[in-house]
Amino acid sequence: MKIRLSTVVIWVIALTSFLITFSLENWKKDEKVVEWDVHNYYGYLPLCFIYKDLKIEKDYSYSKDAFGNGRYWIWSEKTKDNRNVIKTTMGLAYLYAPFFFLADFIAPLTNYPANGFSEPYKICLLLSSLVYLIIGLFYTRKIIAAIQPSDTLISITLLALGLGTNLLAYSSSFAPMPHVYNFALIAIFIYHTIQWHTSQAFKHIIWIGVMLGIITIVRPTNGLIALFFLFYHVESKATFNHKYQLIKTNCCKLLFIIPIVFLCWVPQFLYWKLVTGNYIYYSYNDEGFFFNNPQIWRGLFSFRKGWFIYTPLMLIASIGIFFLRNRWASFQWGITIFYLLNSYIVFSWWCWWYGGSFGQRSMIDSYALMSIPLSAFTYWVLQKGILIKIIFGVLLGFFIWLNIFQTYQFEHKSLHYDSMSMKLYFKQFGKLEPIKDFDSNLQFIDYDEAKYEGRKPSQK
């Protein structure tokens, strides 16, 4: 059987992620894998299935740091009446669950404790990110193939996406943060949206409903992807009228999406009711959005955490939106509207740099969608002369090197997690270890000021 080049590319990406993951051996480190927000996303599983303590009434500290502060396996927020509640919604726990149960089976067979946080659990969580990366890449291939079945085009697009963006970092060194999982979910949603518009088969409605339900319970703002369904295949007044009639004709079937989404949320509603007394609860307390002051320019171009600075390949993908014509015309309105609104909402969040992370992690979720304009731009390049192709190839190779090198820079602490400056970026460029005056070139940010009083005007 002939093996397609795009299949080889997917496995090369997966192997690269695997090698980075296991070269770092993060599962051996106390404060890795289950770290930062993963404490919240993952905490539902051990609390429910091991400790039987969803109200978090027990103490889950495991050590003290140098200042005497407790380190905790389970993180929680306080309600107004002093109850403990997990901050994030439980969608990722659904996706972690098969790997959690696998680890829970393996742990008793080893010398590791079956406590939800020992090495078997961490290794399985890391493997889960790899599995969802592969699923997302295969569905991204199916999406592009439905538009332009050139395996060369598909392979180049996947290679760029998988090795030239921070999708790689978040499937390896920063696994199991939520972004690779969201990437896979949205890829499946897009594929079944395309397929439904072709056949209107009910099975695609079920897939769309399930994906939309899990997408929103993982990250509620990602529900914006529903706009892609609404505006897909809308190119003109005539196609708008056709889309209106298509939805009207299939309205009764499409309404099934609502109860499917609701069923995905039922466990969350029950958890909030159990813990807070309310079926709907805002657990982020004093954190919120500044819709009157979105930080779009900084989110895209800041040396602190600019998307196009640390993942410049996505600037090409963004430019590719203007190349959505001919074969890609059906996607232009859906992608453009989602892109603009998603950028507005993402960068309206009080912490527009999204804490300690490599690059602008908040945008990874939409990479399956962005693969479409990226492939449109790549197709344009492939139709041009040898000079344009060479320039594109050199840029692509450079972006892949830069992405992999910066992933290791972050691990070596030569890219700061939230305080990089333009001066430091260029002084540190191409150097794996921190330069001598690294700390003196950092540009710290006041989190309290950002949260309560707006953003510092000096941010660059």
(request) Can you give me the number of residues within segment 241-263 that are in a helix (DSSP H, G or I), of a type in the set (A, V, I, L, M, F, W, C) and surrounded by 14 or more Cβ atoms within 10 Å (Cβ to Cβ)? (result) 5
(request) Test Arg361 against the criterion of being charged (D, E, K, R) and farther than 22 Å from Leu185 by Cα, and give yes or no. (result) no
(request) Take segment 53-75 and flag every residue that is free of Cβ contacts under 8 Å to residues at least 24 places away in the same chain and surrounded by 15 or more Cβ atoms within 10 Å (Cβ to Cβ). (result) Tyr60
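Quick check on my filter: what residues within segment 91-111 are closer than 23 Å to Arg71 by Cβ and either of a type in the set (A, V, I, L, M) or at pLDDT 95 or above (or both)?
If we filter segment 91-111 for residues that are closer than 23 Å to Arg71 by Cβ, which is where we start, we get 92-93, 96, 100, 103-104, 107, 111.
Listed by number, the residues that qualify are Leu92, Ala93, Tyr96, Phe100, Ala103, Asp104, Ala107.
Pick from segment 24-45 the residues that are free of Cβ contacts under 8 Å to residues at least 40 places away in the same chain and of a type in the set (D, E, K, R): which of them is surrounded by the most Cβ atoms within 10 Å (Cβ to Cβ)?
Going through segment 24-45, the residues free of Cβ contacts under 8 Å to residues at least 40 places away in the same chain turn out to be 25, 29, 35, 39.
Right, trim to of a type in the set (D, E, K, R) and you get 25, 29, 35.
Details: Glu25: 9, Lys29: 11, Glu35: 16.
Filtering first and then ranking leaves Glu35.
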(request) Quickly run through segment 392-422 and pick out the residues that are surrounded by fewer than 15 Cβ atoms within 10 Å (Cβ to Cβ) and among the charged types (D, E, K, R). (result) Lys413
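Residue-by-condition table, conditions (1) surrounded by 24 or more Cβ atoms within 10 Å (Cβ to Cβ); (2) among the β-branched types (Val, Ile, Thr); (3) under 21 Å from the mean Cα position of the chain (by Cα):
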{"site": "Ala317", "(1), (2), (3)": "yes, no, yes"}
{"site": "Gln332", "(1), (2), (3)": "no, no, no"}
{"site": "Ile335", "(1), (2), (3)": "yes, yes, yes"}
{"site": "Asp365", "(1), (2), (3)": "yes, no, yes"}
{"site": "Ser375", "(1), (2), (3)": "yes, no, yes"}
{"site": "Thr378", "(1), (2), (3)": "yes, yes, no"}
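Residues that are at pLDDT 95 or above, at least 1 per element: which helices (runs of 4 or more DSSP H) completely within segment 360-455 meet that? Show your work before the answer.
On the way: elements: 367-382, 386-411, 422-428, 447-452.
Output list reads 367-382, 386-411, 422-428.
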(request) Evaluate segment 197-208: report whether one residue or more is in contact with a Leu (Cβ under 9 Å, 6 or more places away or on another chain), at pLDDT 95 or above, surrounded by fewer than 24 Cβ atoms within 10 Å (Cβ to Cβ) and part of a helix (DSSP H, G or I). (result) yes
(request) Just give me the residues in segment 264-290 being without any contact (Cβ under 8 Å) to a residue 24 or more places away in the chain and assigned to a helix (DSSP H, G or I), in sequence order. (result) Val266, Phe269, Leu270, Lys273
(request) For segment 315-327, state whether one or more residues are more than 28 Å from Pro178 (Cβ to Cβ), outside any loop (DSSP other than H, G, I, E, B), modelled with pLDDT under 95 and not hydroxyl-bearing (Ser, Thr, Tyr). (result) yes
(message) Restricting to segment 15-67, name every residue that is closer than 28 Å to Arg361 by Cα and among the polar types (S, T, N, Q).
(response) Thr16, Ser17, Thr21, Ser23, Asn26, Asn40
(message) Filter segment 291-311 down to the residues that are assigned to a loop (DSSP other than H, G, I, E, B) and buried (at least 18 other Cβ atoms within 10 Å of the Cβ) and list them by number.
(response) Pro294, Gln295, Ser302, Phe303, Arg304, Lys305, Gly306, Thr311
(message) Can you find a residue that is in contact (Cβ under 8 Å) with a residue 24 or more places away in the chain, under 30 Å from Thr157 (Cα atoms), part of a loop (DSSP other than H, G, I, E, B) and of a type outside the set (A, V, I, L, M) anywhere in segment 3-23?
(response) yes
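Is it the case that segment 346-353 has a residue that's among the β-branched types (Val, Ile, Thr), surrounded by 19 or more Cβ atoms within 10 Å (Cβ to Cβ) and under 17 Å from Ile143 (Cα atoms)?
Quick first cut of segment 346-353, residues among the β-branched types (Val, Ile, Thr) only: 346.
Subset that is surrounded by 19 or more Cβ atoms within 10 Å (Cβ to Cβ): 346.
Next, from what is left, pick out any that are under 17 Å from Ile143 (Cα atoms): none.
Checking segment 346-353: not a single residue is among the β-branched types (Val, Ile, Thr), surrounded by 19 or more Cβ atoms within 10 Å (Cβ to Cβ) and under 17 Å from Ile143 (Cα atoms).
The values are calculated or read from the model by the stated rules, or taken from the named source; none is laboratory data. Note that the coordinates shown come from a computational prediction; the quantities given were computed from them, not determined experimentally. All Cβ positions, glycine included, derive from the backbone under ideal geometry; neighbour counts span all protein chains shown.
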